[in-house]
Amino acid sequence: MSVALLSVAAVALDALLGEPKRWHPLVAFGRFADRIEQRFNSEGRGWRSHGVSAWLIAVVPLTLLATALSWAPYVGWIVDILALYCALGMRSLGEHVEPVAKALRSDDIDEARKRVGYLVSRQTSELDKTEVARAATESVLENGSDAVFAALFWFAVAGVPGVVLYRLSNTLDAMWGYRNERFERFGWAAARIDDVLNYIPARLVALTYALLGKTRLALRCWRIQGPTWDSPNAGPVMAAGAGALGVELGGAAIYHGDLHHRPQLGEGLPADADSIDRGWQLVKRGVWLWLLILCVGAEFYA
């Protein structure tokens, strides 16, 4: 089966079933990664070399196992679909952001704060309606890139090895890639590897958002505002997405008790429930565009 058909099948499976409810491979991997971190970074004393060793132990054997299974006669294509399906989080993303918009429309600020707290790592207990909407819109744009588009990209480029390597690396970055006393040294490798793996996909996502929204504004925000963001990949994605939507994102936010003065992203109206919905629609239309390009490319190649 072609990469295009396998990708369409995996996206359809995600839309139909969502994330596995009882046993998700990434949940099991997270527990495995916790044990490795406890072994190599006890009490936060691990160095960069320990972080590299831990990353290799966590990622390489599972990537090789998935690769071997994908090469199995007759059933390899099933492994391909399941690997991409498990790496995608498209329906799950929608299931998390839509209740935030619904709560905002119902003026239930407490529910909106609780729901957006499932999406972001910032402190949400004192956010007003605009700040909740801003956090949710930022999350749908950034997580659309990390959890959906990047997985599709690496599957198209390198099949099962690519998508498994990417998803495991991205998970380790989410677990270890913090700039704090515990992970500053140990998590360095996980953070840098994820930055490298996301570099090209993030810029393709920024271009996708721009093409499907207010193109000129999105490209300008990407060029001017993207480099001001701490993350080399989240900056272009969210700046282009905010410009495409014509909404203001960024600004001050509290993370782990510390106030961070983040640059403004985008331009236009303040974020609201509609901007959350429009951001989610932007991600979905982008996925359909990518699948169309894969299918056209497969037909041209054939």
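The values are calculated or read from the model by the stated rules, or taken from the named source; none is laboratory data. As the structure is a prediction and not an experimental result, all values here were calculated from the model. With ideal geometry, Cβ positions are generated from the backbone for all residues, glycine too; neighbour counts draw on all protein chains shown.
Evaluate the following for Ala68: is it over 28 Å from Glu95 (Cβ atoms) and part of a helix (DSSP H, G or I)? Considered against the rule, which asks whether it is over 28 Å from Glu95 (Cβ atoms) and part of a helix (DSSP H, G or I), Ala68 comes out as yes. When each of Ala133, Ala147 is tested for being of a type in the set (A, V, I, L, M, F, W, C), under 28 Å from Trp280 (Cβ atoms) and surrounded by 24 or more Cβ atoms within 10 Å (Cβ to Cβ), the lone residue that passes is Ala133. Each residue in the stretch 263-273 was checked for being within 21 Å of the chain's Cα centre (by Cα) and either surrounded by fewer than 19 Cβ atoms within 10 Å (Cβ to Cβ) or over 23 Å from Arg115 (Cβ atoms) (or both), and 2 of them qualify.
Select from the stretch 165-211 the residues that are outside any helix (DSSP H, G or I), of a type outside the set (D, E, K, R) and farther than 22 Å from Arg122 by Cβ and list them in ascending order. Within the stretch 165-211, Phe186 is the sole residue that qualifies.
Looking only at the stretch 88-130, residues that are among the charged types (D, E, K, R) and either crowded, with 19+ Cβ neighbours inside 10 Å or touching a Phe, Trp or Tyr at 6+ places or on another chain (Cβ under 6 Å) (or both) come to 3 in all. Evaluation of Pro227 against the conditions (1) within 26 Å of Tyr178 (Cα to Cα); (2) under 17 Å from the mean Cα position of the chain (by Cα) shows that the sole unmet condition is (2).
Number of residues in the stretch 220-268 that are of a type in the set (A, V, I, L, M) and either at pLDDT below 95 or within 14 Å of Ala202 (Cα to Cα) (or both): the value is 9.
Do we find that Leu207 is within 21 Å of Arg278 (Cβ to Cβ), without any contact (Cβ under 8 Å) to a residue 40 or more places away in the chain and surrounded by fewer than 24 Cβ atoms within 10 Å (Cβ to Cβ) in this structure? It is true that Leu207 is within 21 Å of Arg278 (Cβ to Cβ), without any contact (Cβ under 8 Å) to a residue 40 or more places away in the chain and surrounded by fewer than 24 Cβ atoms within 10 Å (Cβ to Cβ).
Of all residues in the stretch 12-59, exactly one satisfies the criterion of being in a helix (DSSP H, G or I), in contact with an Asp or Glu (Cβ under 9 Å, 6 or more places away or on another chain) and over 18 Å from Leu168 (Cα atoms), namely Gly44. Taking first residues from the stretch 122-148 that are free of Cβ contacts under 8 Å to residues at least 24 places away in the same chain and more than 13 Å from Asp277 (Cα to Cα) and partners that are part of a helix (DSSP H, G or I) and of a type in the set (Phe, Trp, Tyr), no Cβ contact under 9 Å between residues at least 6 apart in sequence or on separate chains turns up. A single entry from Glu138, Glu126 fulfils the requirement of being of a type in the set (Asp, Glu) and in a helix (DSSP H, G or I): Glu138. When each of Val157, Val140, Val97 is tested for being of a type outside the set (S, T, N, Q) and out of contact with any helix residue (DSSP H, G or I) (no Cβ under 8 Å at 6 or more places or on another chain), the lone residue that passes is Val157. When Trp23 is tested against (1) more than 19 Å from the chain's Cα centre (by Cα); (2) at pLDDT 95 or above, just one condition goes unmet, and that condition is (2). Against the numbered list (1) under 24 Å from Asp14 (Cβ atoms); (2) of a type in the set (A, V, I, L, M); (3) without any contact (Cβ under 8 Å) to a residue 24 or more places away in the chain, Ala298 comes up short only at (3). On the stretch given as the stretch 168-227, residues that are among the basic types (Lys, Arg) and in contact with a Pro (Cβ under 7 Å, 6 or more places away or on another chain) total 1.
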